[in-house]
1. If I go through the stretch 270-308 residue by residue, how many of them are in contact with a Phe, Trp or Tyr (Cβ under 8 Å, 6 or more places away or on another chain) and under 24 Å from Glu110 (Cα atoms)?
2. Can you tell me which of Ala180, Ala213 is of a type outside the set (D, E, K, R), without any contact (Cβ under 8 Å) to a residue 12 or more places away in the chain and more than 22 Å from Leu366 (Cα to Cα)?
3. Can you name the residue in the stretch 25-76 that is within 15 Å of the ligand (Cβ to nearest atom) and free of Cβ contacts under 8 Å to residues at least 24 places away in the same chain and is also farthest from Leu243 (Cα to Cα) among such residues?
4. So, in the stretch 51-75, exactly how many residues are surrounded by fewer than 19 Cβ atoms within 10 Å (Cβ to Cβ) and over 16 Å from Ile311 (Cβ atoms)?
5. Of all residues in the stretch 178-195, which are over 16 Å from Leu234 (Cα atoms) and touching an Asp or Glu at 6+ places or on another chain (Cβ under 6 Å)?
6. When only residues in the stretch 116-156 that are crowded, with 19+ Cβ neighbours inside 10 Å, away from the ligand (no atom under 16 Å from the Cβ) and assigned to a helix (DSSP H, G or I) count, which is nearest to the chain's Cα centre (by Cα)?
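The values are calculated or read from the model by the stated rules, or taken from the named source; none is laboratory data. For clarity, every value in this text was computed on a predicted model and none was experimentally measured. Quick reminder, even Gly has a Cβ in these numbers, built from the backbone with ideal geometry, and neighbours come from all protein chains shown.
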Amino acid sequence: MGTADNETLSPAPSSPAPSFSQRREWSQDQAISYLMAQGIENPDCLSLAAGFVDFETLPVELSRKAYAELLDDPQTARKYLQYGTTAGSDRLRDQLIKHLAKLEETTVEELGIDRNQLVLTTGSQQLLAILADVLFDPGDICLVAAPTYFVFLGVLAGVGAEVITVEGDEGGIKVDALEAQLEQLKQEGILSRVKMLYLVSYYENPTGVSVDADRRQPIVDLVTKYSTDHQIVLLEDAAYRELRYDGPKLPSLWSCDPTHSQVVLAQTFSKSFAPGFRTGFGVLPKSLVQPVIDRKGNEDFGSSHFNQNLIATVLERGWYEDHVFEVCENYQKKRDAMLAALAEEFSDLQQEVSWFVPHGGLYVWLSVPEKLETGFNSELFAYATNVEKVMYVPGQLCYPHAERKNQMRLSFGVLNPDGIRLGIARLANSIRHSLK
Ligand code: PMP
């Protein structure tokens with residue numbers, strides 16, 4: 001029977017292979033898929049790699065309550081179980097306007113947007129992919145601060161975009177470096193190919209760095225200034241915005257654009273609530289609303305209507321804020337456990353190993369001596385995963401051309417504090433072994 005099945009599945013010898021699109025070719029060898037596979041192939045490894053959120057604080061009870069409310073009255077339940085619209089549930093979008101007003105510390109009136117500028121997507125990832133699709137032709141340019149979110153680098157590669165990196169530091173992308181880069185592209189006559197500046201503005205994945213408060217307005221002003229023959233869209237990926245543990249409360253880049261015509265604000269309920277609902281959203285300049293809806297219409301004509309309404313209930317009932325508070329308290333402890341473990345385990349390697357202390361998010365960015373490579377094919381990665389049984393994300397994935405090879409992303413999302421301490425001890429053993 002097995003043989004028969006295999007025979008049925010194998011293409012007939014005479015059958016030619018499909019002729020794949022160029023985009024298919026550009027989407028090959030995605031780091032995210034390889035990384036997920038590594039996790040599955042090494043189940044006994046402690047994962048400091050997974051971008052997953054904490055299991056213990058996932059909102060089981062709140063979801064159960066909201067679910068029961070949605071299904072309570074069969075008439076309304078049927079409405080939620082029906083298709084919605086491509087842009088998403090009005091109920092959730094109205095709640096989101098109130099929620100955003102709170103985050104921006106202003107009133108709904110002052111916020112000055114209407115629900116039609118909000119599009120609900122299947123995670124914020126879908127919005128990032130749709131924006132790349134509607135903005136980039138092959139060869140068009142996206143500016144990023146490197147290192148950056150490696151899955152978005154994959155999306156950009158998938159549409160044939162060219163990625164140009166701009167220098168950053170512990171305060172995020174450098175304003176003078178951004179200006180110099182834009183000016184250079186203008187002098188070279190290729191500013192017309194620059195379609196987007198992409199920034200993870202809060203507790204960046206992978207570095208934990210946020211864009212400093214005093215850089216935010218100048219960045220928006222620069223992008224506006226260089227948007228001459230066409231608009232350079234500033235995509236503000238604020239996925240980790242609500243996971244703030246200490247440090248200053250930062251205004252969004254979006255709020256520095258008073259007419260809301262330049263900046264897209266992308267947010268998600270994945271990190272602060274539950275990624276399983278796959279609910280994210282974008283606040284879009286009016287010029288981008290229809291292009292995004294048209295593209296999404298081709299893709300799925302609307303994200304899960306039921307899940308959107310479940311989140312709307314959680315917001316409406318005032319359950320969300322308490323939950324986020326609890327989640328942040330928990331992550332703060334886990335971040336502190338990781339930082340304490342790093343300080344302890346690397347106390348004898350202070351000259352060689354360094355890391356950035358994040359005020360929020362899920363990640364700590366670690367640098368090791370230049371002579372040590374951290375990539376999938378490195379001795380360190382093999383020793384860490386096979387011998388010490390600990391996994392991290394190689395930092396080079398977060399650069400468009402693997403420019404730096406001696407860094408890694410460590411996540412404190414999934415493991416509990418004891419697991420984090422053990423994971424860091426194993427990592428320290430691996431690094432010491434490879435340094436010998
Ligand atoms: N942006 C960043 C920076 C992320 O780290 C992630 C998730 N890893 C996303 C966007 C997308 O998340 P989701 O689709 O779950 O909203």
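1. Final tally of qualifying residues: 2.
2. Working: Ala213 fails: without any contact (Cβ under 8 Å) to a residue 12 or more places away in the chain.
The conditions single out Ala180.
3. If we take residues in the stretch 25-76 being within 15 Å of the ligand (Cβ to nearest atom) and free of Cβ contacts under 8 Å to residues at least 24 places away in the same chain, then Ser33 is farthest from Leu243 (Cα to Cα).
4. 9
5. Step one: of the stretch 178-195, the residues over 16 Å from Leu234 (Cα atoms) are 180, 183-190.
Of everything in the stretch 178-195, nothing turns out to be over 16 Å from Leu234 (Cα atoms) and touching an Asp or Glu at 6+ places or on another chain (Cβ under 6 Å).
6. Per the stated criteria, the residue is Leu135.
Conditions tested, residue by residue: (1) at pLDDT 95 or above; (2) closer than 22 Å to Glu109 by Cα.
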| residue | (1), (2) |
| --- | --- |
| Arg216 | yes, no |
| Tyr226 | yes, no |
| Asp229 | no, no |
| Leu235 | yes, no |
| Ala239 | yes, no |
| Tyr245 | yes, no |
| Leu253 | yes, yes |
| Cys256 | yes, yes |
| Leu265 | yes, yes |
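Listed here are the residues, each with its yes/no results for (1) touching a His at 6+ places or on another chain (Cβ under 7 Å); (2) within 16 Å of the ligand (Cβ to nearest atom).
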position	(1), (2)
Thr268	no, yes
Ala274	no, yes
Pro285	yes, no
Val289	no, no
Asp294	no, no
Ile311	no, yes
